[in-house]
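Here's the structure, in structure tokens; my notes come after.
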Amino acid sequence: MTTVPAPTAETRWRCTLCGNLTRFDVTRSSKVVEYVHLDLAGEPKVEEREVLSETIESVRCRWCNAQDKIELVDRPGTDS
């Protein structure tokens with residue numbers, strides 16, 4: 001499995017098999033610190049969340065189900 005980098009302000013994902021630019025299933029691992037507030041009934045609510053690290057494990061095209069065909073391409077209007 002090839003690691004796919006996250007899109008930036010200048011790039012976006014594209015499926016090289018079907019051309020999809022908008023729908024992807026992303027599997028990621030995150031290490032976070034959350035401040036959880038429990039109300040008097042015991043219902044939790046996350047009030048603050050700090051992401052310590054995050055890794056994209058896989059990106060799968062929602063249209064054609066391809067997982068190893070996702071690439072980064074320039075967004076329209078950016079000069080890269």
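Quick look at the values:
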item	result
For the chain, accessible area per residue (1.4 Å probe, heavy atoms of protein chains only), Å²	77 Å²
Asp74-Lys31 FRET efficiency (beta carbon distance; Förster radius 25 Å; 0.05 resolution)	0.25
Stretch gain in nm, segment Glu57-Thr22, where the contour uses 0.36 nm per residue and the Cα spacing is subtracted	10.7 nm
Kirkwood hydrodynamic radius of the chain, Cα pairs, Å	14.9 Å
Most mobile listed residue (Lys69, Lys31, Lys45) in the chain, GNM with C-alpha springs under 10 Å	Lys45
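The values are calculated or read from the model by the stated rules, or taken from the named source; none is laboratory data. Note that the structure is a prediction, hence the values are computed from the model and not measured. Positions of Cβ are generated from backbone atoms using ideal geometry, with glycine treated the same way; all protein chains shown enter the neighbour counts. To get the accessible areas, we keep the full protein, side chains included, count just its heavy atoms, and leave off ligands, DNA and RNA. Shrake-Rupley method; radii C 1.70, N 1.55, O 1.52, S 1.80 Å.
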